[in-house]
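J.: Below you will find the structure I want to go over with you.
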Amino acid sequence: MADVAAESGRSDAVWSEQGTTPDAIEAALRALLVEVHAANDDFLPARVLNMIAFVDREWSGEIANRLRGVGRYHASRLVVLSYEPHRERLDARVMIASEGASAPGELALLHETVVVELGDRHLDDLLTIADPLVVTDLPTLLWSPHGHNEIVSQLLALSQAVLLDSVEEPDAREALDRACELSEQAYVVDLAWLRSTPWRERVAATFDPLWLRRELGTISGVTVRHHPASTVAAMLLVGWLASRLGWQTGSLISDGDALVASTDAGGHHVAVRLEIAPELHVPGLEGVALETDSGLHLSLGRGSGGLRARRRDSHGEQREWTLLGASRGETGVLGEGIRQALLRDPTYVPALKAARAMLP
C-alpha cells in the first residue's frame, strides 16, 4: 500500500505491508522515490549517511521521539529494526519526507525512514533483512540503545561506525571493555564522551594563553563531580587529560562515596577524585576542578545559561564568568553523535584506554 502527496512545496510518501520481504521493502523504497520525484522534480534524496537502529518495540516510540529531535543531523536513510520477541510476521513501513518546503527554483532534500517489525525467528537473517535497505557506498551508523550486544556484533558487517552510550552500562568495567572491543572493529561514537565536549573545550581554552600553558605540567589535582550513573563519563574526562598530557593513570579506589587515584605525571603526582553529584538529574558531569603546584585553581560548574567558571591565581585573586551555550540537552547530544559518524575524533580512543587503565 502506497500513498504519495506533494503539496505546498512539501513531500510525504508512505508505503506499508504486512507479511513482507526485504526485497519488497527495497522495491517499495525505489518506487516511492521515483513517484515523489515525478510529482516534483525539486525533491532529491539526501545521500550522506545510513543509520540502522535496533530497538525494542515497547520503547520504539521513545526512540522515535529522540530521533525526531536531532534536526538537521537526521540520517539520510534511517532503518529501524523494531524487535518484539514473539512476533512471527515481518511487517514494514516506509516513509519519505522532505526536509522542508521547496521554494520555486530550489531543491529540497528527502529523508527516508524504514521501520521493520520483526521477532526472534528473524534474528538469524538480520543481515539479509538490513543489507538491501541501506544505500550502497554511504557510511552506515549502527545504534542499539537497549543493549543486544550480539545483534550489534552481527550487524557490524554493514557498519562503519557504532553509536553507544557507555553510561547506560551499570558496570564501568563492562562499559569500557565493550567500548574498547568495538573500537577495534569500527569507529565508536560514545554519547558519554560527547557529553563532556563542552567541558573539555573550555578546560583546553583556559590554558590557551602562553603564560598559562606552562601550568599544564604542574597540575596537582583533578576533581570531577558527576551524575550517579555517569562514572564512566568522569573517567573519560580524566582519561582525556591523562592521554593528552602523558600521565600514567593509577588505579581508582573507593573513598566513601568517591573514587580516588594517584596519577604519575612525569615527576610529580596528580590526585584524581571522582565525586557523585546526587543533585544532578541528567546524565553527564556537574563540575570539574583543577589545581596546580603554583596555587592556580580553576573550576567549571553547571549554571544558568552555560558553565560557570571560576579562576583563582597564586596570589589569591579570583575571577568568575559564565561560558554561554554549553548545554545542548540530550537531543542535541544525540544529534551530535549522528554527525560525528561522518567525522573522526582522534582523542577518544586514547582517552578510553587511559580510563580503562584506571580500573584495577
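J.: Going by Cα centres, region 192-264 and region 56-71 are how many Å apart?
T.: Region 192-264 and region 56-71 have Cα centres spaced 33 Å from each other.
J.: Go through 335-343, 131-139 and give me the packing order, highest mean Cβ count within 10 Å leading.
T.: Highest to lowest by the protection proxy: 335-343, 131-139.
J.: Still on this structure: In vacuo Debye scattering of region 259-360, one point per C-alpha: log10 I(q)/I(0) at q = 0.12, 0.15 Å⁻¹?
T.: Values returned for q = 0.12, 0.15 Å⁻¹ are -0.60, -0.94.
J.: Another one. Check every DSSP H run in the chain and write down those whose alpha carbon atoms cover 18 angstrom or more along the long axis and whose mean Kyte-Doolittle hydropathy is 1.0 or greater.
T.: Sorted by number, the helices that extend far enough and score high enough are 231-245.
J.: In the chain, what % of DSSP beta bridges are antiparallel (nearest 5)?
T.: In the chain, DSSP labels about 60 percent of beta bridges as antiparallel.
J.: Rounded to the nearest whole Å², what accessible area per residue is found for the chain with the 1.4 Å probe?
T.: Here the residues of the chain average 46 Å² of exposed surface.
J.: Projected onto the charge dipole of region 106-209 (+1 at Lys/Arg Cβ, -1 at Asp/Glu Cβ, origin at the Cα centre), which of 128, 191, 149 gives the Cα projection farthest towards the positive end?
T.: Toward the positive end, the furthest listed residue is 191.
J.: While we're here: Can you send over the carbon and sulfur percentage of the accessible area for the chain, probe radius 1.4 Å, protein chains only?
T.: Roughly 50 percent, rounded to a whole number.
J.: Taking every pair of alpha-carbon atoms in the chain, give the share separated by more than 37 Å as a whole percent.
T.: 31 percent
J.: Would you mind computing, in nm to one decimal, how far apart the modelled labels at residue 180 and residue 44 are, each placed 7 Å from Cα along Cα→Cβ?
T.: 4.6 nm
J.: Step through the residues of region 85-98 one at a time and calculate ³J(HN,Hα) from phi using the Karplus curve (6.51 cos²θ - 1.76 cosθ + 1.60, θ = phi - 60°), rounding each to whole Hz and writing x for Gly and Pro.
T.: Running phi through 6.51 cos²θ - 1.76 cosθ + 1.60 with θ = phi - 60° gives x, 9, 5, 9, 9, 8, 10, 8, 9, 10, 10, 10, 9, 7 Hz.
The values are calculated or read from the model by the stated rules, or taken from the named source; none is laboratory data. Fair warning: this is a prediction, and the values are worked out from it, not measured in the lab. Cβ coordinates were reconstructed from backbone atoms using ideal geometry, including for glycine residues, and neighbour counts include every protein chain displayed. In case anyone asks, the SASA skips ligands and DNA or RNA and just uses the protein heavy atoms, side chains included. Shrake-Rupley method; radii C 1.70, N 1.55, O 1.52, S 1.80 Å.
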